[in-house]
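Comments concern the structure below.
The values are calculated or read from the model by the stated rules, or taken from the named source; none is laboratory data. Just so it is clear, the model here is predicted, and its values are computed rather than measured. Positions of Cβ are backbone-derived with ideal geometry, glycine not excepted, and every protein chain shown enters the neighbour counts.
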Amino acid sequence: SQTIHQWPATLVQPVGSPLSLECTVEGTSNPNLYWYRQAAGRGLQLLFYSVGIGQISSEVPQNLSASRPQDRQFILSSKKLLLSDSGFYLCAWSGGRVDEQFFGPGTRLTVL
Amino acid sequence: KQEVTQIPAALSVPEGENLVLNCSFTDSAIYNLQWFRQDPGKGLTSLLLIQSSQREQTSGRLNASLDKSSGRSTLYIAASQPGDSATYLCAVAHYGQNFVFGPGTRLSVLP
């Protein structure tokens, strides 16, 4: 069966510090991978998606970036965090863009 | 641009009641619709996926229906239990495009 992992589970970072969140998927190959952000009182916002190694599409302009160095690894990064980057970050995978999506446990990021 | 709404935003019911959650979308030319539940502080759990060629899907006490022509889907929960308390989200996708999510309905089932 497939499993999706995210770490860390929680993170508190000062404004201006760098960020690296990691997501890995087990039990499948060549998945589509997604990064979402869920801010308090707001809906789920798609940040990035990837259909293959090194292929990243950005949905929202921001100070975040994503990378996919391996087939089942997806990384969300920032060089300098802003207060507005606080939120709940979710990674998801699917077999194709319109196929059933499966989510990881999420990372709670607080920027102070 | 596809927009997804969910009504009501919050719902509180006594245990044992049957209930219906609603999802509406503005562009009816969808390919798939997926229902999720989210417990506080957790990720989303997939409940049901309905393809555009289907009218409904069932899983245990859950039944989801899809009416593409009217741009609506309903999630029916039979004999609700306190463990059903969570936020329920729907999401729709057009062919070749990513899913668009609704804001969710927060459900509380009181013992």
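Each row is one residue, and each column tells you yes or no for (1) in contact (Cβ under 8 Å) with a residue 24 or more places away in the chain; (2) assigned to a loop (DSSP other than H, G, I, E, B); (3) within 13 Å of A:T107 (Cβ to Cβ).
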{"position": "A:L11", "(1), (2), (3)": "yes, no, yes"}
{"position": "A:G16", "(1), (2), (3)": "yes, yes, no"}
{"position": "A:N30", "(1), (2), (3)": "yes, yes, no"}
{"position": "A:L33", "(1), (2), (3)": "yes, no, no"}
{"position": "A:Y36", "(1), (2), (3)": "yes, no, yes"}
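In the set B:Q6, B:Q38, B:Q97, which member is surrounded by 12 or more Cβ atoms within 10 Å (Cβ to Cβ) and at pLDDT below 95?
Numbers: B:Q6 fails: at pLDDT below 95; B:Q38 fails: at pLDDT below 95.
Among B:Q6, B:Q38, B:Q97, only B:Q97 is surrounded by 12 or more Cβ atoms within 10 Å (Cβ to Cβ) and at pLDDT below 95.
Among the strands (runs of 3 or more DSSP E) confined wholly to the stretch B:30-105, which include 2 or more residues that are more than 10 Å from the chain's Cα centre (by Cα) and within 14 Å of chain A (Cβ to nearest Cβ)?
Counting at least 2 such residues, we get B:32-38, B:44-51, B:56-59, B:86-93.
Quick check on this structure: which one of A:G106, A:G96, A:G52, A:G27 is away from every other protein chain (no Cβ under 13 Å) and either in contact with a His (Cβ under 8 Å, 6 or more places away or on another chain) or closer than 20 Å to B:S46 by Cα (or both)? Before the answer, list the steps.
Numbers: A:G106 fails: away from every other protein chain (no Cβ under 13 Å); A:G96 fails: away from every other protein chain (no Cβ under 13 Å); A:G52 fails: either in contact with a His (Cβ under 8 Å, 6 or more places away or on another chain) or closer than 20 Å to B:S46 by Cα (or both).
Result: A:G27 is the single residue among A:G106, A:G96, A:G52, A:G27 that is away from every other protein chain (no Cβ under 13 Å) and either in contact with a His (Cβ under 8 Å, 6 or more places away or on another chain) or closer than 20 Å to B:S46 by Cα (or both).
Has the stretch B:77-86 got at least one residue that is among the polar types (S, T, N, Q) and closer than 19 Å to A:Q101 by Cα?
The initial filter retains those residues of the stretch B:77-86 that are among the polar types (S, T, N, Q), namely B:80-81, B:85.
Now restrict to residues that are closer than 19 Å to A:Q101 by Cα: none.
Among the residues of the stretch B:77-86, not one is among the polar types (S, T, N, Q) and closer than 19 Å to A:Q101 by Cα, which makes the answer no.
Considering only the stretch A:65-88, I want to know if a residue exists there that is surrounded by fewer than 20 Cβ atoms within 10 Å (Cβ to Cβ), within 14 Å of chain B (Cβ to nearest Cβ), in contact with a strand residue (DSSP E or B) (Cβ under 8 Å, 6 or more places away or on another chain) and part of a loop (DSSP other than H, G, I, E, B).
no
Among the residues in the stretch A:103-111, are any out of contact with any Asp or Glu (no Cβ under 8 Å at 6 or more places or on another chain), free of Cβ contacts under 8 Å to residues at least 40 places away in the same chain and either among the aliphatic types (A, V, I, L, M) or not in a strand (DSSP E or B) (or both)? Lay out the reasoning, then the answer.
Filtering the stretch A:103-111 for residues out of contact with any Asp or Glu (no Cβ under 8 Å at 6 or more places or on another chain) gives A:103-108, A:110.
With the extra rule that they be free of Cβ contacts under 8 Å to residues at least 40 places away in the same chain, the set shrinks to none.
There is no residue in the stretch A:103-111 that is out of contact with any Asp or Glu (no Cβ under 8 Å at 6 or more places or on another chain), free of Cβ contacts under 8 Å to residues at least 40 places away in the same chain and either among the aliphatic types (A, V, I, L, M) or not in a strand (DSSP E or B) (or both).
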